[in-house]
Amino acid sequence: QVQLVESGGGLVQAGGSLRLSCAASGRTFSRYAMAWFRQAPGKEREFVTATTWSGDITYYTDSVKGRFTISRDNAKNTVYLQMNSMKHEDTAVYYCAADEAGFYRGRSVNEYEYWGKGTQVNVSS
């Protein structure tokens, strides 16, 4: 079992950068695969990126490849999302998610058992 709390959201201009953090509680955090999803107003929650328990294997949706980077520091029980070259289309609530399987199982929200409450990211054009 794990509790997730996102932080680092805010307003940024197009072309700028933000780094989101997801602080996790739980002794078994390092064994969970972690992911970031986002949800824009009126749209479905969509997969952004994920990493396995080791942090050595990552996955990205096409729209963020080359711009976003997911990383984790298991010693700090924290997952990060570095967002560079941000676009107006990146505006959304960003959610941290955890999968107890520990490995990547897919892009569906149904594969992730634990979720944070989200942090708002606004990108002005």
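Yes/no matrix, rows are residues, columns are (1) at pLDDT 95 or above; (2) under 11 Å from Leu81 (Cβ atoms):
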residue	(1), (2)
Glu6	yes, yes
Gln13	yes, no
Leu20	yes, yes
Phe29	no, no
Tyr32	no, no
Trp36	yes, yes
Lys43	yes, no
Ile57	no, no
Tyr60	yes, yes
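Go through (1) closer than 16 Å to Leu18 by Cβ; (2) assigned to a loop (DSSP other than H, G, I, E, B); (3) in contact with a helix residue (DSSP H, G or I) (Cβ under 8 Å, 6 or more places away or on another chain) for Met86 and report which single condition fails.
(3)
Out of the range 28-74, which residues are charged (D, E, K, R), assigned to a strand (DSSP E or B) and open to solvent by 30 Å² or more (accessible area, probe 1.4 Å)? Give the derivation first.
To start, the set of residues in the range 28-74 that are charged (D, E, K, R) comprises 31, 38, 43-46, 56, 62, 65, 67, 72-73.
Next, only the ones that are assigned to a strand (DSSP E or B) stay: 38, 46, 72-73.
Result: Glu46, Arg72, Asp73.
Test each condition in (1) free of Cβ contacts under 8 Å to residues at least 24 places away in the same chain; (2) among the aliphatic types (A, V, I, L, M); (3) touching a strand residue (DSSP E or B) at 6+ places or on another chain (Cβ under 6 Å) for Met86 and report the one that comes out false.
(1)
The values are calculated or read from the model by the stated rules, or taken from the named source; none is laboratory data. Remember, predicted model here, so these are calculated numbers, not experimental data. Methodologically, a virtual Cβ is constructed for each residue, glycine included, from the backbone with ideal geometry; neighbour enumeration extends over all protein chains shown. Each accessible area value is taken on the protein alone, full model and side chains, heavy atoms only, with ligands, DNA and RNA left out. Shrake-Rupley method; radii C 1.70, N 1.55, O 1.52, S 1.80 Å.
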